[in-house]
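Heads up: the structure comes next, in structure tokens.
No value in this document is a laboratory result; all are computed from the given coordinates. In this text the structure is predicted, and so the values were computed from the model without any measurement. With ideal geometry, Cβ positions are generated from the backbone for all residues, glycine too; neighbour counts draw on all protein chains shown.
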Amino acid sequence: MTTVYRVDKFAVPDPAREEFWRHVRRTHALLREQPGFLDDVLLEQQSGPGRFNVVTLVRWRSADDLAAARPVVERAHRAASFRPAEFFARAGIEADVANYTEAGTPAPAGAAGAPGS
């Protein structure tokens, strides 16, 4: 199995910061309970010119484990009446999200950019 890293970068305006972190912490608490979750880190920019001021990283045992967590999170968001896209639009949050593998490691079959995908 190839370890997969989910890296989400966000440009979060200061007025949305508190609400944003509340949603992130709730989501990551759920992710930590999922099969295949290895670890995570939540980062907030302290200096530098980059436009993304928040980065979250979750390391998964496999692409299948990452994929299996998605519907669990979606159900939890629905149960909490949380609609991420609407919140981001209302709060002016910009997101850049992607899955990564370690450099030199073949992409999992079926992953974007993998041979045959």
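With 0.36 nm allotted per residue and the present C-alpha distance subtracted, the residue 70-residue 17 stretch has 16.7 nm of extension available. Looking at the chain, I'd like the Rg to Rh ratio, where Rg is from alpha-carbon atoms and Rh is Kirkwood's inverse mean 1/r. Reported Rg/Rh, Kirkwood definition of Rh: 0.98. Each of residue 34 and residue 57 was given a label point 7 Å from its Cα along the Cα-to-Cβ line. The distance between the two points is 1.8 nm. Sites counted here are trypsin sites (Lys or Arg not before Pro) in a DSSP loop (not H, G, I, E or B) having no more than 15 other Cβ atoms within 10 Å; the longest part of the chain that contains none of them is 62-117.
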